[in-house]
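J.: Just dropping this structure here.
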Amino acid sequence: MSIWWSLHLRREAASVPLARRFLLGTMESAGVDPDISFDLSLALSEACANAVEHGGERRSADDLLAPGDCDPWDAWDSWSEQSGTTSGQYWVTAYLDGEMCRIEVADSGPGFPARRVLRTAEQSHAHQPPARQPQQLPPLSAEDGRGLCLIEQLADHVHFANRPGRGAVVSFDKVLKWREGALLMVS
């Protein structure tokens, strides 16, 4: 069994629970174990919240091109609210393929800082050399900054990437477990 879907969402807070509910509904219909579904939906919420907060530039209405002045696909890059004060959107894609779920959240923001250390499943279970220590958690008094660390803890494999001039992508996967008697369970 394979299921995939993709959403193009505005960079606004209301889009985060929409993406989360869409994923939970898919997982429920497929028969994925509720604990795995919860972990993935929480990781997705964090990735979406990050895209909403950091995934685009501030633009004025004067910065937007008039229809016909650009390639039609460029409209996605300048999609804005009615006020014209916020531009951008982000994309969520989920793949349930066999025993694995992969989720990707891409935005049109400035990307991740160059010093970000990536974690993979192999790194989390093996001894790491001192030069590749994982990023430290923010101080307990910080009001934000824990989302990417939380994604790393909830998923089996995580990748943070920059798309030069086009934003950032967070992708993560997790091995699926199935509810007993699930109708769409992989054979």
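J.: Write out, first by first residue and then by second, each pair whose Cβ atoms fall under 6 Å of each other, whose residues are 6+ apart or on separate chains, and whose first residue, in the stretch 1-28, is under 19 Å from Ala182 (Cβ atoms) and outside any helix (DSSP H, G or I) while the second is acidic (Asp, Glu) and at pLDDT below 95.
T.: The qualifying pairs are Ser2/Asp97.
J.: Identify, please: which residue in the stretch 29-73 is closer than 27 Å to Ile103 by Cα, in a loop (DSSP other than H, G, I, E, B) and open to solvent by 30 Å² or more (accessible area, probe 1.4 Å) and is, among those, modelled with the lowest pLDDT?
T.: Taking the stretch 29-73 as the starting set, the residues that turn out to be closer than 27 Å to Ile103 by Cα are 29-58, 72-73.
Now drop any that are not in a loop (DSSP other than H, G, I, E, B), which leaves 31, 33, 55-57.
Next, only the ones that are open to solvent by 30 Å² or more (accessible area, probe 1.4 Å) stay: 33, 57.
Numbers: Asp33: 95, Glu57: 68.
Looking at residues that are closer than 27 Å to Ile103 by Cα, in a loop (DSSP other than H, G, I, E, B) and open to solvent by 30 Å² or more (accessible area, probe 1.4 Å), I get Glu57.
The values are calculated or read from the model by the stated rules, or taken from the named source; none is laboratory data. These numbers were taken from a predicted model, which means no experiment stands behind them. Note that each Cβ is placed from the backbone with ideal geometry, even for glycine, and that neighbours are counted across all protein chains shown. These area figures cover heavy atoms from the full protein model, side chains too; ligands, DNA and RNA do not enter into them. Shrake-Rupley method; radii C 1.70, N 1.55, O 1.52, S 1.80 Å.
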